[in-house]
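Trainee: Pasting a structure below so you can have a look.
Throughout, read-outs are computed from the coordinates displayed, never taken from laboratory work. Computed from a prediction, not measured in an experiment: that's the story for all the values here. So basically every Cβ, Gly included, is an ideal-geometry build from the backbone, and we count neighbours across all protein chains shown.
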Amino acid sequence: NVNEIRSGFTAIKANIQARDPIRTVSILSHPHSLHKIKSSDKCCIIHQLFNFYMDRVFKHCTTEDSYINRKISSIANSFLSIKRKLVQCHNQNDCKCGQESMEKFKQILTNYEGLNVTSAAIKSLGELDILLDWMEKSR
Amino acid sequence: GELYCPLPNPRNVHFESINMKNVLHWSAPEGTGDGVLYKVKYSVYGVGKWIKKLECSNISRTWCDLSNETSDYEEQYYASVKAFLHGMCSDWMETTRFNPLTETKIDPPMVSVSSTEKSISIILTAPAKWKRSPEGESISLAQVYPGLQYNVSVLNKKTKKRWWFSVSNDTLVVPWLEPGTAYCVSAQIHVTTPFLNSGFSKEYCIATLKDKTA
Amino acid sequence: ILDEDALLPAPQNISIISTNMKHFLTWSPVTIQGETVRYSVEFQGEYEREYANESWIPICECSLITATVCNITEDISATVPYNLRVRADVGARRSEWGTLKGFFNRITTYLTPPLMKIVADGYHLLVELEDMGPAFQFCILYWKKGQESRMQQKMVKEISSTLHLDTMEAGTDYCVKAQTYVEAINRSSNFSQMQCVRAQGDRS
């Protein structure tokens, strides 16, 4: 599924990122980088991030372009499919978030809430490769 | 004072990246002829400031090596170019967001072959990531892309038959071959996530030794 | 067959044909005397039902088409249950939506055994497999004839024409069978027919 999300995102990356004119703010990578999250916290942070994308990103990304909307739908449904598995993994492994990592996730929400909803959602969608690169690196 | 900027803009501003040697390229503004000079700046996505690339200030060439400034492949970048001519200037023209990890092109692997009477041994070496200086630490792209594999083609020059091998480590021994026969080897790098393929290396040919007993 | 003023009926017999991760929606034609009937298809994934107000998404390649089949492979790109619906249009007249009975989940796709050809080239065992697309991997089992208990396995992701499996002992028979594996739905096909070849030379 991650490969399918990756290819879906690659198809819309240029279009979505072009809709995000703000260079000086990132939702996922600044001031804290996902790459600095402790490996013991990854299970929990991935779980949190998938909920974040399901609850606060995809629904605010409808565009005037039906091709883009279809690709966003397939990414969102793939996310949902993985989220189902993460819930099982989360319950089985009881993966807790450390204090430090929860601070980083809160910072992500702060970054998101620092912008209007549509800009924040489009920016988050445009940063999907940051999430995928980090997830695949730790696979 | 603020310059008057009616000059046409530089065109097609983009990164060209090979093994994470990241070079900014652009085309001259339309219809400007000779004498145009350029300035370049770059920024780390999500960080609030543009940084001038001093070595690319007032240059006439249409490229600028930003490998040093974009070497952290856990970050993403923008770069921008402005043209100047006869006291006038253009707008700053930006790249799209550049992700070195997924947008670099990977060179084919180095291939070295040796042979015995009945086998050939193939050693594959992935290219190294661009580095600041020859003395700097060499990082193989195999470390950058943990899922890196090799597709290896072995052509029997006598029978003209080509075999394919999919190899995860960097050595491959093909035993039980015909003595005194030429084999040509070529290899390609394949990364599954993110999806990246190098081109094929040139062919390296070697002959198995002649059968001493024959 | 209906006359012009009757209410345009919704398409019937809506069903899915899904083989090897290629998915097609089909339906029976609506027939109106002397008229060209056109059809439009929409889909709704689990995400749309649970997070996006049960919205439906049109498939533009299947908007106002005259065919009674639509390739929905590109849009069924997640392993979740999907709803699908079709409606008919004749001029300004439009039917109600006809909806697929039950959900469609690509996990139910029919996986066929791979086409496979085994080659013995001297002491080398080679296999040729058909390229079935990026979603497919191949699990190849091979063994010395008569020694089924000592089977060896090779997983192959990238298909190139003649794949080298292993070297063989002189004059020995080797048998091979293969199945496809689709990671996205975590399912495998049945095995292909077993094929056997003999290595050159005499048995030691």
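Trainee: When a footprinting reagent is the concern and you count Cβ atoms within 10 Å, what order do C:R93, A:R6, C:R87 take, fewest first? Write out the running numbers ahead of the final one.
Mentor: Details: C:R93 15, A:R6 22, C:R87 19.
By the 10 Å Cβ count, ascending, the order reads C:R93, C:R87, A:R6.
Trainee: If you fit an axis through the alpha-carbon atoms of helix A:66-93 and take the longest principal axis of the Cα set of chain A, what angle between them do you get, 0 to 90°, nearest 10?
Mentor: Approximately 10 degrees, to the nearest 10.
Trainee: Still on this structure, please answer the following. Output needed: Cys residues of chain C lacking any neighbouring Cys C-beta below 4.7 Å, sorted by number.
Mentor: Cysteines of chain C left without a disulfide-compatible partner: C:C60, C:C139.
Trainee: Across peptide C:112-121, how many C-beta atoms of other chains are within 10 Å of each residue C-beta, on average? Spell out each step's value before the answer.
Mentor: On the way: counts 0, 0, 0, 0, 0, 0, 0, 2, 0, 4.
That works out to 1 on average.
Trainee: Let me ask something additional. Which of C:I65, C:V127, C:I185 sits farthest toward the positive end of the charge dipole of chain C, with +1 on the Cβ of Lys and Arg and -1 on the Cβ of Asp and Glu?
Mentor: C:V127
Trainee: Okay, moving on. Which are the unpartnered cysteines of chain A, meaning those with no other cysteine Cβ under 4.7 Å from their Cβ?
Mentor: A:C61, A:C89
Trainee: Right, another one. In the calculated pair distance distribution of segment A:31-73, what percentage of Cα-Cα distances lie above 18 Å?
Mentor: Summing the P(r) of segment A:31-73 above 18 Å gives 47 percent of all pairs.
Trainee: Taking square-rooted eigenvalues a ≥ b ≥ c of the alpha carbon gyration tensor, is the protein assembly as shown rounded, prolate or oblate, where a/c under 1.5 means rounded and, failing that, a/b exceeding b/c means prolate?
Mentor: Oblate is the answer for the protein assembly as shown, as a/c is 1.5 or above yet b/c matches or exceeds a/b.
Trainee: Return B:Y150, A:Y67, B:Y204 ranked ascending by Cβ neighbour count within 10 Å, so the fewest neighbours appear first.
Mentor: On the way: B:Y150 25, A:Y67 13, B:Y204 16.
In order of increasing Cβ crowding within 10 Å: A:Y67, B:Y204, B:Y150.
Trainee: Across the residues of A:67-79, average count of Cβ atoms on other protein chains within 10 Å?
Mentor: Per residue, the average neighbour count from other chains is 6.
Trainee: Using the Cβ atoms and a cut-off under 11 Å, what net charge is assigned to the surroundings of A:E113, where Lys and Arg are +1 and Asp and Glu are -1?
Mentor: Computed value for this residue: +2.
Trainee: Turning to a different aspect of this structure: Rg/Rh for segment C:31-139: what does it come to with C-alpha atoms and Rh from Kirkwood? Don't skip to the end; give the middle numbers.
Mentor: Details: Rg = 20.5 Å, Rh = 17.3 Å.
Rounded to two decimals, Rg/Rh equals 1.18.
Trainee: Also: Please give the direction-averaged projected area of the C-alpha convex hull for segment A:11-89, in square nanometres with one decimal.
Mentor: Details: hull surface 24.6 nm².
Averaged projected hull area, Cα only: 6.2 nm².
Trainee: Compute the separation of the alpha-carbon centres of segment B:34-100 and segment C:116-171 and state it in Å as a whole number.
Mentor: The distance from the Cα centre of segment B:34-100 to that of segment C:116-171 comes to 51 Å.
Trainee: Could you work out how far helix A:117-126 tilts from the main Cα principal axis of chain A, as a 0 to 90 degree angle to the nearest 10?
Mentor: Tilt of helix A:117-126: around 80 degrees.
Trainee: When N is the residue count of segment A:7-139, what does its C-alpha Rg come to as a fraction of 2.2 N^0.38 Å? Don't skip to the end; give the middle numbers.
Mentor: On the way: Rg = 14.4 Å, N = 133, 2.2 N^0.38 = 14.1 Å.
Its radius of gyration relative to the 2.2 N^0.38 Å reference: 1.02.
Trainee: Per the Kirkwood treatment, what hydrodynamic radius in Å, one decimal, follows for chain B from the mean inverse distance over all distinct Cα pairs?
Mentor: Result for chain B stands at 20.3 Å.
Trainee: Give the angle, between 0 and 90 degrees and rounded to the nearest 10, that separates the Cα long axis of helix A:99-113 from the longest principal axis of the Cα atoms of chain A.
Mentor: The two axes meet at around 20 degrees.
Trainee: Here is a follow-up. When Cβ neighbours within 10 Å are restricted to other protein chains, what is their mean count per residue of peptide C:75-85?
Mentor: The per-residue average across the peptide is 5.
Trainee: As I understand it, the dipole of chain B uses +1 on the Cβ of Lys and Arg and -1 on the Cβ of Asp and Glu, about the Cα centre. Which of B:L196, B:N151, B:A83 lies farthest toward its positive end?
Mentor: B:N151
Trainee: May I pose another question? What does the net charge come to around B:M93 if you take all other residues with beta carbon closer than 13 Å to its beta carbon, with K and R at +1 and D and E at -1?
Mentor: Charge balance near B:M93 sits at +1.
Trainee: Calculated from DSSP H runs of 4 or more alone, at -39500 (n - 2.57) each and per residue, what is the 222 nm mean residue ellipticity of chain A, nearest 500?
Mentor: That comes out to -22500 deg cm²/dmol.
Trainee: For segment B:2-101, I need the span (max minus min coordinate) of the C-alpha atoms along each principal axis, in Å, sorted largest to smallest.
Mentor: On the principal axes, segment B:2-101 reaches 40, 27, 21 Å in Cα extent.
Trainee: Would you mind working out the magnitude of the charge dipole of chain C relative to its Cα centre, with +1 at each Lys and Arg C-beta and -1 at each Asp and Glu C-beta, to the nearest 20 Debye?
Mentor: I would put it at about 760 debye.
Trainee: If you split all Cα-Cα distances of segment C:78-145 into 5 Å bins from zero, what percentages do you get per bin, shortest first?
Mentor: Percent of pairs per bin, in order: 3, 10, 14, 13, 11, 10, 9, 8, 7, 6, 4, 3, 2, 1, 0.
Trainee: Take the alpha carbon gyration tensor of segment B:106-153, find the square roots of its eigenvalues, order them as a ≥ b ≥ c, and report rounded if a/c is under 1.5; if not, report prolate when a/b exceeds b/c, else oblate.
Mentor: prolate
Trainee: Considering all projection directions equally, how large on average is the shadow of the alpha-carbon convex hull of segment B:122-203, in square nanometres?
Mentor: Average of the hull's projected areas for segment B:122-203 equals 6.7 nm².
Trainee: Take the alpha carbon gyration tensor of segment C:3-83, find the square roots of its eigenvalues, order them as a ≥ b ≥ c, and report rounded if a/c is under 1.5; if not, report prolate when a/b exceeds b/c, else oblate.
Mentor: prolate
Trainee: About the Cα centre, and with charges only on the beta carbon of Lys, Arg (+1) and Asp, Glu (-1), how big is the dipole of segment A:35-96? Nearest 20 debye, please.
Mentor: For this selection, approximately 200 debye.
Trainee: For segment C:47-204, count the residues as N, evaluate 2.2 N^0.38 Å, and divide the Cα radius of gyration by that value, please.
Mentor: Here the answer is 1.54, to two decimals.
Trainee: Quick one: putting +1 on the C-beta of Lys and Arg, -1 on the C-beta of Asp and Glu, what dipole do you get for the protein assembly as shown around its Cα centre, in Debye to the nearest 20?
Mentor: So the magnitude is around 1180 debye.
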